[in-house]
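The structure under discussion appears below in the form of structure tokens.
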Amino acid sequence: MAIDRRPVVRKVLLITLVLNLVVMSLKAAVGLWTGSLSLVADAIHSVTDGANNVLGLLTNRLASPQPDRDHPYGHQKYEAIGALGVAAFLGIACFKILESSIERVIQGGGAVQISGSELWLLLIVLGINIFVAFYERSVGRKIGSQILIADARHTMSDIWTTIVVIGGLIGIWLWNIQWLDIALAFPVALMVLWSGWRVIKENLPWLVDEMAIAPEAIHTVVMQVPGVVNCHQIASRGLLGRQIFIEMHLIVDAADVETAHKITEAVETRLEEKFSPVRTLIHVEPPAYRSNEISYDGGG
């Protein structure tokens, strides 16, 4: 049975929400005070961090791993949907950054004024971002939470964009190279877009029930169980380490139902040991049955 990790996820999201609100407020304040478009764009990016935390809290509340009458396979796909919501917020942030940059190029704007104390403040902000990203990623990998891993990746993109922006502001502070502010806003947008694409790429297969475990790997494990003659039409879906669902047809060397049942229970136990947590559905067939098809060949 899948373990309910939602309390841990909720705690992490609440902690990071508070920290992300601090980061967002400091970036916006310094950006507006200095007139830096790239820093304001970075603050917009950070707004999505907080929004992602709120979205994560909402989906985490819904994403129970335990089945019920209406959701016999559990509710964990809500978390993947939440991760896709993260990608959507990243897309919006990218558009806003590009829009502001183009407006500044066309319409112009005032010179950026930055001081050493404001740069030190931004370095503190960067430190908070680094802590949030590594904290979320560490816990996310430990408990297998896609929403935490996706949000950590988003925060990692925030770290790189902040580094780029701080580098540009240092250039303005030391040498008064004003065009750096607008020029750096564009790569910030591309970094944001790339992060969103990676989140989509990692979570879409889960939502469309892509193969979770190679049929050949499942076949190898099952064939080690005494009494199994062969297995075929193997299918799997879910997310390894979170919850896997396996279906198969199993040919057993059994003269009665009780013996066949014992063999299938041994198969389920072996699969649980290898791919836990896993729910297995087995269709038993007699020893005389023959099939060379391990899985589905993809034909029409």
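Measuring from centroid to centroid over Cα atoms, what is the spacing of the stretch 59-95 and the stretch 158-191 in Å?
Taking the Cα centre of the stretch 158-191 as reference, the centre of the stretch 59-95 is 34 Å away.
Which FRET efficiency value, to the nearest 0.05, do you get for residue 183 and residue 54 by plugging their Cβ-Cβ distance into 1/(1 + (r/R0)^6) with R0 = 30 Å?
Values: r = 33 Å, r/R0 = 1.09.
Between residue 183 and residue 54 the formula returns 0.40.
Can you tell me the Rg and the Dmax, both Å, for the Cα atoms in the stretch 18-60?
According to the Cα coordinates of the stretch 18-60, Rg and Dmax are 11.5, 38 Å.
Under 21 Å from the Cα of residue 274, which lysines turn up, not counting those fewer than eight places away in the same chain?
142, 262
So for the pair residue 123, residue 274, with labels modelled 7 Å out along Cα→Cβ, what separation do we get in nm?
5.4
Got a number for carbon plus sulfur as a percent of the stretch 52-141's accessible area, 1.4 Å probe?
Details: 3060 of 4730 Å².
That share works out to 65 percent.
How much length is gained if the chain between residue 10 and residue 190 is pulled fully straight, taking 0.36 nm per residue apart and subtracting their Cα-Cα distance, in nm to one decimal?
Working: separation 180, 0.36 × 180 = 64.80 nm, distance 3.01 nm.
Contour length minus the Cα-Cα distance gives 61.8 nm.
So what are the ³J(HN,Hα) numbers for the stretch 223-236, from phi and the Karplus equation (6.51, -1.76, 1.60; θ = phi - 60°), rounded to whole Hz, Gly and Pro as x?
Result, ordered by residue: 5, 7, 7, x, x, 8, 8, 6, 9, 8, 6, 7, 9, 9 Hz.
Using only alpha carbon positions, build the gyration tensor of the stretch 226-300, then give the equivalent ellipsoid semi-axes as the square roots of 5 times its eigenvalues, largest first, whole angstrom. Let's see the in-between values first.
Numbers: eigenvalues 92, 63, 12 Å².
Result for the stretch 226-300: semi-axes of 21, 18, 8 Å.
Using a cut-off of under 14 Å, list every residue of the stretch 233-266 whose amide N is near the label point 7 Å from the Cα of residue 73 along the Cα-to-beta-carbon line.
Backbone N within reach: 235-240, 243-248.
Rounded to a whole number, what is D in µm²/s for the chain from Stokes-Einstein with the Kirkwood radius over alpha-carbon pairs (25 °C, 0.890 mPa s)?
Working: Rh = 21.9 Å.
Using the Kirkwood radius from Cα pairs, D works out to 112 µm²/s.
What ranking, highest mean first, results for peptides 145-157, 20-32, 266-278, 44-56 when packing means the other Cβ atoms within 10 Å averaged over each residue?
Numbers: 145-157: 25.8, 20-32: 19.5, 266-278: 17.1, 44-56: 23.7.
Top of the packing list down: 145-157, 44-56, 20-32, 266-278.
Near the amide H of residue 229, under 5 Å away, which other amide H atoms are found, from residues 5 or more places off or on another chain, if H is placed in the peptide plane?
251, 252, 253
Given Cβ point charges of +1 (Lys, Arg) and -1 (Asp, Glu) and nothing else, what value in debye, to the nearest 20, does the dipole of the chain about its Cα centre take? It would help to have the intermediate numbers written out before the result.
Values: 23 positive and 28 negative charges, 171 e Å.
Here the chain has a charge dipole of around 820 debye.
Taking H placed 1.01 Å from N in the peptide plane, check which residues at least 5 places from residue 278 or on another chain put their amide H under 5 Å from its amide H.
When sequence neighbours closer than 5 places are left aside, the close amide H contacts are 244.
Using just the helices of the chain, give the 222 nm mean residue ellipticity in deg cm²/dmol: DSSP H runs with n ≥ 4 each add -39,500 (n - 2.57), and the total is spread over all residues, rounded to 500. Before the final figure, lay out each step's value.
Working: 8 runs with 200 residues, N = 300.
So the helix-based figure for the chain works out to -23500 deg cm²/dmol.
Under a point spin-label approximation (7 Å from Cα along Cα-to-Cβ), what is the residue 216-residue 170 distance to one decimal in nm?
If labels sit at residue 216 and residue 170, their model points lie 5.0 nm apart.
With a Förster radius of 22 Å, plug the Cβ-Cβ distance of residue 201 and residue 95 into 1/(1 + (r/R0)^6) and report the FRET value to the nearest 0.05.
Details: r = 20 Å, r/R0 = 0.90.
E between residue 201 and residue 95, to the nearest 0.05, is 0.65.
May I have the convex hull volume per residue, in Å³, for the Cα set of the stretch 1-106?
On the way: hull volume 8.5 nm³, N = 106.
Roughly 80 Å³ of hull volume per residue.
Please give the contour-minus-distance gain from residue 288 to residue 138: 0.36 nm per residue of separation, less the Cα-Cα distance, rounded to one decimal in nm. It would help to have the intermediate numbers written out before the result.
Numbers: separation 150, 0.36 × 150 = 54.00 nm, distance 5.06 nm.
Net length gain for the segment: 48.9 nm.
Restricting the count to DSSP beta bridges whose residues both fall in the chain, what percent are antiparallel, rounded to a multiple of 5? Don't skip to the answer; put the middle values down first.
Numbers: 9 of 17 bridges.
Among the beta bridges of the chain, antiparallel pairing accounts for roughly 55 percent.
If the reach is capped at under 16 angstrom between alpha carbons, list the lysines near residue 77, excluding any in the same chain fewer than eight residues apart.
Straight-line reach from residue 77, under 16 Å: 201.
Leaving out ligands and nucleic acids, and using a 1.4 Å probe, what accessible area per residue does the chain come to in Å²?
Numbers: 15100 Å² over 300 residues.
Ligands and nucleic acids excluded, the result is 50 Å² per residue.
The values are calculated or read from the model by the stated rules, or taken from the named source; none is laboratory data. Quantities reported herein were computed from a predicted structural model and do not represent experimental measurements. Cβ: placed from backbone, ideal geometry, glycine included. Neighbour counts: every protein chain shown. Just the protein is used for accessible areas: all its heavy atoms, side chains included, with ligands, DNA and RNA removed. Shrake-Rupley method; radii C 1.70, N 1.55, O 1.52, S 1.80 Å.
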